[in-house]
Every structure is written in structure tokens, then in C-alpha cells.
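All remarks here apply to the structure that follows.
Read-outs throughout are calculated quantities, based only on the coordinates presented, and are distinct from any laboratory measurement. It should be emphasised that the depicted structure is a prediction, and the values quoted were computed from it without experimental measurement. With ideal geometry, Cβ positions are generated from the backbone for all residues, glycine too; neighbour counts draw on all protein chains shown.
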Amino acid sequence: MWDPSALCPQPVMDDDLYRRFSALIHDETGLSFGPSSQFFLERRLASRMSALGGMTGRDYLHLLLYDPDRAQEWDLLLTVITTNETYFMRELKQLRCFQQDILPMLWERNRGQKIRVWSAGCSSGEEPYSLAAMVKEDGRYPEGALEIYATDINSRVLAKAKAGLYTETSFRAVDAAFRSRWFTEEEPGRFRVSPDLKRGITFTHLNLFDMGRYALLPAFDAIFCRNVIIYFDLDAKVKVIERFYERLKAPGFLLLGHSESLISVTDKFKLIHLPGDLVYTKEVGT
């Protein structure tokens, strides 16, 4: 006889075990998975447990907590529970604001000195390469005047960023001239970033929720953290944004995703209206 319950998803784990997983992921990464995300997270956890030979939930939790090689498994888990969808020149209006409004201000302030930009949550590298291209196309900054720190929690996407090899989908928001200027087609449909664009970018593994690592970073003129904190709960947002504030020069600029806001997070940053877009700034004397 047909069983209608077969159409209903069955729980992968009990509520207590789910809460332990979600608390662990939050404590390690800042990512928030509440009760409404249980179906999603359970299925992603189940995919990793299946890949490990049908491991039980409690054994998998133990692996993430105590296994000597747990860092590798964390990378694999983060690949399935986070969204790494990106492309060159994403949110172009904001990037144009950086090029046309912010770069001239930084040039006047830092004339003769390097500017440092942080791409926090750089994923597979399209954002920092886009920023580097805009600085070079601006024309006023000489070779070596720009340093971009590109960081991500996921070592697997960082490896792709360092390799700098991309398929057609990464170029869907740019014209052929951009691709031909900065990339070489190595094989049909696969394009390698030019050494000139890569120069000055440092790719580094960094967990934004590892508060001890921030003291090792230099001071930045601008921080891009777009479409990252949207996955954090309020407590995690406050902690990360406070660290961003500490690492920014004054005046300095913080650029978030267009769907992200600092309302109820902090009042230390001022939202200003530049000709090209709205951006957050850290003002002198704050």
C-alpha cells in the first residue's frame, strides 16, 4: 500500500543534536542556522556524513570537534553550507563608486603612499581581481601602489582564487574587452588571469570569527565585505563589524552588500551619500 508519509522529509537528527551542530557552526564561523534552517542544514550535514561512509550524526559532531584532521572536513562542510556564487564586476554601481569617488579621495590623502584594500569573504577571487582592474584602469596609481588582502574561510575557494582560472559564467556581467585585457584563454571556455592583475593581491585563509587574527592585519583604507554578514546573527555581526572598525584608517570606507545594513549593529560608522552610491565611512576623530 502507498504510504503518504514517504513524501514528507524525515528528520535526519533529533532537535537536541541539531542545536548542537548549529551552535558549533555558529561558534566556529559566525554563521547562523536557526530552527527555520533545520531542513537545509540537516540535508547538508547528511551529505557529508554519507560521503564519509554513512557516519552517524554524533560521530560526525565528534569529528568536527576533536579529529586531528578536522580542518579539512570543515572546509568540505563549508563548501556545502555556504553560497560562493560570484562573478566579475558584481554590483557594478558600487564598484564604480569605489573607482570614481573613493579612489580620488584616497589618492589625495595617501599621495606617495600605498593604499590597502581588504576583500573580506573573497570567495573564488572575482571581487579582488575586479578591484585590482578598476585601480589599474583608473590610471593615477603607479605600479606597486595598491595592496589587496583577499581572505576567505574556505580553503577550497581560496585555492581557485589563487589559481586564477575561470569559466564563462564568471564573465557574465562584463564585456569581451574586459576579458581580453586581463585574461588569456588557456583552453576553450577557460581563462587565466594575467600576472599583471594578480600582482599586489595576497590571498589568505581567514575566519572572520577568529577574533585573535585581526590584530595581525594591517590598517586598511577600504574594506569590502559584501553579502557575508547577511548570514550572521546580530551578535556575530557586532563582533565582526567592531573588528572592521578597528582595522580601518580614518577616514576609511566600508562597503557592504546592497541588502546589508548596520542598523541596530553599530553607530560608529556614518552612512554617507557619494555621487555613485551610499557607503559607510569611519570619520577622523571617531
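The table that follows gives values for the structure above.
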item: Mean ellipticity per residue at 222 nm, deg cm²/dmol - from DSSP H runs of n ≥ 4 across the chain, formula -39500 (n - 2.57); result: -11500 deg cm²/dmol
item: Residue-count net charge about residue 64 - beta-carbon cut-off 14 Å; Lys, Arg +1, Asp, Glu -1; result: -2
item: Dipole in debye (nearest 20) - segment 183-286, about Cα centre, beta carbon charges: Lys, Arg +1; Asp, Glu -1; result: 240 debye
item: Distant-in-sequence amide H partners of residue 153 (H built 1.01 Å from N, under 5 Å); result: 206
item: Contact order relative to length of the chain, as percent, for alpha carbon pairs under 8 angstrom and 6 or more apart; result: 18 percent
item: Residue order, fewest to most beta carbons within 10 Å, for 115, 148; result: 115, 148
item: Nonlocal amide H pairs with residue 220, under 5 Å, H built at 1.01 Å; result: 248, 249
item: Summed side-chain charge close to residue 134 - residues other than residue 134 whose Cβ falls under 13 Å, Lys, Arg +1, Asp, Glu -1; result: 0
item: Of all DSSP beta bridges in the chain, antiparallel share, percent nearest 5; result: 45 percent
item: Correct choice for Rg and Dmax of the Cα atoms in Å that was computed from the model, options [x] 23.3, 69; [y] 19.6, 67; [z] 20.9, 79; result: [z]
item: Phi-based couplings in Hz for segment 214-229 (Karplus 6.51, -1.76, 1.60; Gly and Pro marked x); result: 5, 5, 8, 8, x, 7, 10, 7, 8, 10, 9, 9, 9, 6, 10, 5
item: Sorted by Cβ density within 10 Å, fewest first, the residues 238, 135; result: 238, 135
item: Dipole magnitude of the chain about its Cα centre (Cβ charges: Lys, Arg +1; Asp, Glu -1), debye to nearest 20; result: 860 debye
item: Long-range amide H partners of residue 254 with built H, under 5 Å; result: 223, 280, 281, 282
item: 74, 182, 107 arranged by Cβ crowding within 10 Å, fewest neighbours leading; result: 107, 74, 182
item: Summed residue charge, Cβ within 15 Å of residue 191's Cβ, Lys/Arg positive, Asp/Glu negative; result: 0
item: Under DSSP loop assignment and at most 14 Cβ neighbours within 10 Å, longest trypsin sites (Lys or Arg not before Pro)-free interval of the chain; result: 1-110
item: Added length on full extension, which subtracts the Cα-Cα distance from 0.36 nm per residue, residue 259 to residue 175; result: 27.7 nm
